[in-house]
């Protein structure tokens, strides 16, 4: 991946969309431009978990404006991230197709803990260097992230299903405020927090900081109102809550520092923050300027400098599941060479990296059970927290691993594109040819993919001397024929085996 002098992060939050553009100098990102629009995408999520058309249109119009500002940047210089609302919306996929077209760049949807990791990365780069353990709380529109870390390294990551938009709609409908509503919202937030209290309560960290627009807005309101002198405290929130209850309606609330676009979502975010401070025994919470978008920028910078978190995650998975590293290396090298020949001029520049990860992870299911281990491997990849990976990347990687052996008829539907078919074929052949799990010299081979036909040319004498491989290749020819691809291996049909071995599962 080439270095970029200008990079950008787009955060499709449940409350606001942000676009942060920065100049890269060494290991630092310096802001050049910042855009923010209160789209409130989460407010368009109905009881059926589908985004309504109005919220989609607001989002698409915003992304089109962002796209104009980003026009001309390299595709690797822009990373757009979707969060909680796009994680839960049942119609997220069709919306994302329209959203990508409007923005002009790919959009990833990340898991909650990956969002938490990126938040911590952004916040930690905005704070003075320290060896102390920090607690970071970020209250978004649909989720709240809690992280404990030291320096730039997160140690504990959690994402909770509560946010300023969802709680304001649920407990403070139409902006109506009451003591009972606050109590109900705080109790719901406490219930969400209970499973993590033991690990996140004071004593596990030395400093508490808050990220997100909700926390910064509350800190400003509290200070300008004279309720606090700097950091957020429970006493200050108590005084603010009393004032909101007396008003009874957010439309009637007049507070210094309260922006119009923040008014509707303030009570929900405040109830969550009050519960967090009380449950985690936080005496003071200091607002931080860093956020997920800054974390995305620094994560991109790491990729440019070959410190890709995804590579770290894959290495950790290999260690955790006791992967045979030498075998993974053999398969990866062979698969990469095959894919390069198969892809030809249509080579996907991101595909070799994906193929390398698949080679390293295709056997992680073996400790679960050898029988059907490819299914176990794919399940782990699909469902595990994999720092650095987007949901789409995990799904594509899982599908590739699932297809590396046995039946293609059902599972190949998840990888219909021609370049993905080339990836599957390259990985399957590499696994098949490296079955002996030892370094060996293979005769020169030639492979070409043209439409629905693949020609794989081996030295016939080598095939005759390796009957087990010849048998496996015959099965491979039959398997691809079942999904409509003709795999032609000259000379294979002429090889006569005294007895064909049965390949064990």
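Key figures
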| quantity | calculated |
| --- | --- |
| Selected residue [surrounded by fewer than 18 Cβ atoms within 10 Å (Cβ to Cβ), more than 27 Å from residue 144 (Cα to Cα) and over 21 Å from the mean Cα position of the chain (by Cα)] from 35, 73 | 73 |
| Identity of the residue in the stretch 248-261, within 15 Å of residue 176 (Cα to Cα) and assigned to a helix (DSSP H, G or I), that ends up modelled with the highest pLDDT | 250 |
| Unique residue being out of contact with any helix residue (DSSP H, G or I) (no Cβ under 6 Å at 6 or more places or on another chain) and within 20 Å of residue 425 (Cβ to Cβ) when the list is 375, 360 | 375 |
| Residue tally, condition at pLDDT 95 or above and part of a helix (DSSP H, G or I), over the stretch 193-214 | 8 |
| In the stretch 271-302, the residues that are assigned by TED's automatic domain parsing to the domain that holds residue 140 and in a helix (DSSP H, G or I) | 271, 272, 273, 274, 275, 276, 277, 278, 279 |
| Index of the failed condition, residue 375 passing every other in (1) within 17 Å of residue 420 (Cβ to Cβ); (2) in a helix (DSSP H, G or I); (3) under 26 Å from the mean Cα position of the chain (by Cα) | (1) |
| Residue match in the stretch 53-68 (condition: assigned to a loop (DSSP other than H, G, I, E, B) and out of contact with any strand residue (DSSP E or B) (no Cβ under 7 Å at 6 or more places or on another chain)) | no |
| Selection from the stretch 449-484 of residues that are touching a helix residue (DSSP H, G or I) at 6+ places or on another chain (Cβ under 9 Å), modelled with pLDDT under 90 and within 19 Å of residue 335 (Cα to Cα) | 449, 458 |
| Meets criteria (buried (at least 21 other Cβ atoms within 10 Å of the Cβ), farther than 30 Å from residue 5 by Cβ and more than 23 Å from the chain's Cα centre (by Cα)) for residue 282 | yes |
| The stretch 236-250, residues that are under 37 Å from the mean Cα position of the chain (by Cα) and exposed (fewer than 15 other Cβ atoms within 10 Å of the Cβ) | 238 |
| Scan of the stretch 313-342 for residues that are surrounded by fewer than 19 Cβ atoms within 10 Å (Cβ to Cβ) and either touching a strand residue (DSSP E or B) at 6+ places or on another chain (Cβ under 9 Å) or not assigned by TED's automatic domain parsing to the domain that holds residue 389 (or both), ordered by number | 341 |
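The values are calculated or read from the model by the stated rules, or taken from the named source; none is laboratory data. It should be emphasised that the depicted structure is a prediction, and the values quoted were computed from it without experimental measurement. When we count neighbours, we look across all protein chains shown, and the Cβ atoms used for this are built from the backbone with ideal geometry, even at glycine.
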